[in-house]
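Asks: Okay, handing you the structure first.
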Amino acid sequence: MTTTKPTMIEFRDVHKYYGDYHALRGISATIRAGEFFSLLGPSGCGKTTLLRTIAGFEGIDTGVVLIDRKDMARVPANERPTNMVFQSYAIFPHMSVEENVGFGLRRDPRTKTEKQAAVEEALAMVGLKGFGKRAAHALSGGQRQRVALARALILKPKVLLLDEPLSALDKKMREHMQVELIKLQRQVGITFVLVTHDQEEALVMSDRIAVMFDGEIAQLADPETLYRRPNSKKVADFIGTMNFIPATVLGESGGRIEIEAKGLGRVELMAEQCPAGRGDAPMVGLRPETLTLLYPGQTSTERTVAGVIDEVIYFGDMTYYDVYLGGTDVEVRLSMRNVPGRLIMDVGTSVDVAWSPEALVLFR
Amino acid sequence: MKSPGLRAYAIGYLIFLYAPILLLPIFAFNDSKIIAFPLSGFTTQWFGEMWQDAQLWSALKNSMIISGTTAILATGLGIFAARASTRYTFPAKGGLIGLIMLPLVLPEMIVAMLLLVVFLAISVPLSIFTVILGHVLITTPFSVAILSSAFQSLDKSFEEAAYDLGEGPVSTFRLIILPLVMPGIISSLLICFTISLDEFIIAYFLSGSDTVLSAYIYGQFRFPAKVPAMLALGTILVLVSVMLLSIAEFFRRRGIAKTGGKDTGGFL
Ligand SMILES: Nc1ncnc2c1ncn2[C@@H]1O[C@H](COP(=O)(O)OP(=O)(O)OP(=O)(O)O)[C@@H](O)[C@H]1O
Ligand SMILES: [Mg+2]
């Protein structure tokens, strides 16, 4: 992650009300030039609203939105250096594919042949070479999405805004388009701001992610930090799966915190594993894949704890085990890759579970 | 449609509705001044008589001017009203739209009387022009109703996409909104035209010395000798209506095919 990239978009304490409803509650963040940035959060948290304040479709009540260091307060949507891919794609139904893609060039002083070449180029970029003459309605979902992309990118905006662009596609197509979008973003180097409620999508695609709840950004970080070091239980819960285990704090000294986690025993944590406290009952979080099931006779250099298998969930490539730890009522889920020769264990088997203190995060 | 009683009712209903229209051409070509069976022979004399009737031509011309102008004005107003009612919120919106729609439920006779009183009071001479004003008043609600549904079904993101791609409000309206609501506009034009052409009371009250077609036809029925010629005229009007509606339906279906929408049935 390069931190030297200049700022492209900056929010300074942005508030937005819909009538009495406080939709954006003090958003402050920066999006860097050339970055693939995602706004992630549950339905109704204000992702779309925030994206639309960048595009200029939604005014703000207080605060500042800057694009490329310019205050956008008085700049209407049609003069902003942004283009948008709408959730519904908004492909103009009465125009052909090339008319759609070339729509933004109407005010362009270039000649007709030059514009035609630009349209061809944009279509080629999204893999729709030769589709120009097609009627817009004679396209599949994935093709419509590509047309929407080409139409937005032909204007070479500073920022491309995407509101859940993949949610209308089936799973296979979605995964394919995720990769395509990443490639496209690297190729054009434009800042992408993506809205999604799919945490996996955000993790796969983004350089950095802002996790939003109820009109606020709960955490803004790169995918790895977000996944490994969520700053609150809420974020941890929203991103992937996490086991939460009750704990008590025994003492703090020199940047180290000693805790007693139920079923795991005493653990010493580094300061970076302990995000700022929020006054909640202390809990430690552990991702399923950081726990390893030890087969009979197997040993581990990590710490181990005895347990009993309570549930086995087979997923094809993975098996999830729910295990009671060390004779307590603490149940954790762990995941094991199904490699050849590795047996699926039975419910009720007593096993050892290996874990490492670095994988823990303390929420309190 | 399982019950035979219901089936008979439906068939009877259709006969009641359409049989008179079938009688129209039959008697228009019948070689007798008396409208009764048995038919006496074939003739095109009535069409010739109708063709020669100078008064008829002048009434027809007046009616065409009135209906054409009414359709255009009412649809124009309808576009603004429907756009405002579906896209913007403003104070007293419900009340204002209600006022526009009011003539829909007001008896035409009352509208005609009130307008007559007003025009006389402010001494506007009665003419084609006053009829147009009256007809715009009563047809605008139809236009608003038709166009509101057209504007309503328009996805807001089309407009936003056009803004986003650099267009202003006016060019967005012209390039995106107008073409997409065009089927609604054509429907509105046709329906306003038809209502205006049909309308009798307002046309009769407000036309002064300019005779319109509906009033002229009504007047001719007092002279039995003129009736067959009116049936000939009626036959032609039926033909023209069917043609117009077919054209409208053609455009509507083409619009749907073009936008790839689902056909939810037009007015035909
Ligand atoms: N035009 C509006 N008028 C009133 N309230 C609105 C309007 N648009 C959005 N809201 C409200 O603001 C909140 C945030 O809406 P927004 O569309 O930004 O959510 P979102 O995070 O994009 O959710 P989703 O994932 O469902 O699209 C919601 O509670 C919504 O009901
Ligand atoms: Mg949304």
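FYI, it's all coordinate maths here, none of it is from the lab. From a predicted model like this one, the values you see are computed outputs, not experimental measurements. Quick reminder, even Gly has a Cβ in these numbers, built from the backbone with ideal geometry, and neighbours come from all protein chains shown.
Asks: May I ask for the net charge around A:Ala117, where only other residues with Cβ less than 14 Å from the Cβ of A:Ala117 are counted and Lys, Arg are +1 while Asp, Glu are -1?
Replies: Working: positive: A:Arg110, A:Lys112, A:Lys115, A:Lys129; negative: A:Glu98, A:Asp108, A:Glu114, A:Glu120, A:Glu121.
Taking every Cβ under 14 Å from that of A:Ala117, the sum is -1.
Asks: Going from the alpha-carbon gyration tensor of the protein assembly as shown, what semi-axes, largest first and in whole Å, does one get by taking the root of 5 times each eigenvalue?
Replies: Working through the eigenvalues yields semi-axes of 72, 29, 24 Å.
Asks: Now for a separate question. Okay, helix-only estimate at 222 nm for chain A: each DSSP H run of n ≥ 4 adds -39500 (n - 2.57), divide by all residues, round to 500 deg cm²/dmol; what do you get?
Replies: Here the helix-only value at 222 nm equals -6000 deg cm²/dmol.
Asks: Are there chymotrypsin sites (Phe, Trp or Tyr not before Pro) in segment B:61-141 that DSSP puts in a loop and that have at most 15 other Cβ atoms within 10 Å, and which ones?
Replies: On the way: sites: B:Phe80, B:Tyr88, B:Phe119, B:Phe129; in loops: B:Tyr88.
Listed in order of number, the matching sites are B:Tyr88.
Asks: Related question: Can you give the net charge of the other residues whose Cβ lies under 12 Å from the Cβ of A:Asp68, counting K and R as +1 and D and E as -1?
Replies: Its environment carries a net charge of +3.
Asks: Sticking with this one: Can you put A:Val312, B:Val118 in order of Cβ neighbours within 10 angstrom, beginning with the fewest? Working shown, then result.
Replies: On the way: A:Val312 16, B:Val118 12.
By the 10 Å Cβ count, ascending: B:Val118, A:Val312.
Asks: Counting other Cβ atoms within 10 Å of each Cβ, which trypsin sites (Lys or Arg not before Pro) in segment A:313-342 have at most 16 and sit in a DSSP loop?
Replies: Values: sites: A:Arg333, A:Arg337, A:Arg342; in loops: A:Arg342.
Sparse-neighbourhood loop trypsin sites (Lys or Arg not before Pro): A:Arg342.
Asks: To the nearest 10 degrees, how steeply does helix A:112-125 sit against the main Cα axis of chain A, on a 0 to 90 scale?
Replies: 20
Asks: Based on other C-beta atoms within 10 Å, arrange A:Lys5, A:Lys133 from fewest to most.
Replies: A:Lys133, A:Lys5
Asks: Out of the chymotrypsin sites (Phe, Trp or Tyr not before Pro) in segment B:203-243, which ones are loop residues according to DSSP with at most 16 other C-beta atoms within 10 Å?
Replies: B:Phe221
Asks: Please compute the net charge surrounding A:Asp352, taking Lys and Arg as +1 and Asp and Glu as -1 over other residues with Cβ under 13 Å from its Cβ.
Replies: Net local charge, A:Asp352 excluded: 0.
Asks: I've got another one for you. How many nm is it between the label spots at A:Glu289 and B:Ile110, if each spot is 7 Å from the Cα in line with the beta carbon?
Replies: Going by the 7 Å Cα→Cβ label model, 7.4 nm.
Asks: To check my understanding: the extent here is largest minus smallest coordinate of the Cα atoms along each principal axis. What are those three numbers for segment B:1-83, in Å, largest first?
Replies: Extents along the principal axes, in whole Å: 51, 50, 14.
Asks: Quick one: Cα centre-to-centre distance for segment B:71-114 and segment A:119-154, in angstrom?
Replies: Here the answer is 42 Å between Cα centres.
Asks: Now for a different question. Ranked by Cβ crowding within 10 angstrom, fewest neighbours first, how are A:His94, A:His137 ordered?
Replies: A:His137, A:His94
Asks: Further question on the same structure: With the calculation restricted to Cα positions, what are the radius of gyration and Dmax of chain A in angstrom?
Replies: 24.6, 78
Asks: Here's something else I'd like to know. Which distance in Å, rounded to a whole number, links the C-alpha centroids of segment A:247-265 and segment B:169-190?
Replies: 69
Asks: A further question on this structure: Assuming 0.890 mPa s and 25 °C, estimate D for segment A:243-364 with Stokes-Einstein, Rh taken as the Kirkwood radius over Cα pairs, in µm²/s.
Replies: Working: Rh = 15.1 Å.
Stokes-Einstein gives a translational diffusion coefficient of 163 µm²/s.
Asks: When the gyration tensor of segment A:315-363 is built from Cα positions, what are the square roots of 5 times its three eigenvalues, in whole Å, from largest to smallest?
Replies: With the √(5λ) rule applied to segment A:315-363, the semi-axes are 21, 15, 10 Å.
Asks: Suppose a student asked you for the relative contact order of chain A, using Cα pairs under 8 Å spaced at least 6 residues apart; what percent would you report? Write down the numbers at each step before the final one.
Replies: Values: 747 pairs, mean separation 55.2, N = 364.
Worked out over chain A, it gives 15 percent.
Asks: Grab the eigenvalues of the alpha-carbon gyration tensor for chain B, scale each by 5, take roots, and send me the semi-axes largest first in whole angstrom.
Replies: Listed largest to smallest, the semi-axes of chain B are 39, 26, 18 Å.
Asks: Give the Debye-formula value of log10 I(q)/I(0) at each listed q (0.12, 0.22, 0.24, 0.27 Å⁻¹), with one equal scatterer per alpha carbon of segment A:226-289, two decimals each.
Replies: Computed log10 I(q)/I(0) values: -0.28, -0.98, -1.15, -1.38.
Asks: Still on this structure, I have one more. What is the distance, in nm, between label points placed 7 Å from the Cα along the Cα-to-Cβ direction at A:Thr225 and at A:Thr304?
Replies: 3.7
Asks: List the relative contact order of segment A:243-364 as a percent without decimals, with contacts defined as Cα pairs under 8 Å and 6+ residues apart.
Replies: Relative CO of segment A:243-364 lands at 32 percent.
Asks: Per residue of B:170-180, count partner chain C-beta atoms within 10 Å of its C-beta, then hand back the mean as an integer.
Replies: Average per residue, whole number: 2.
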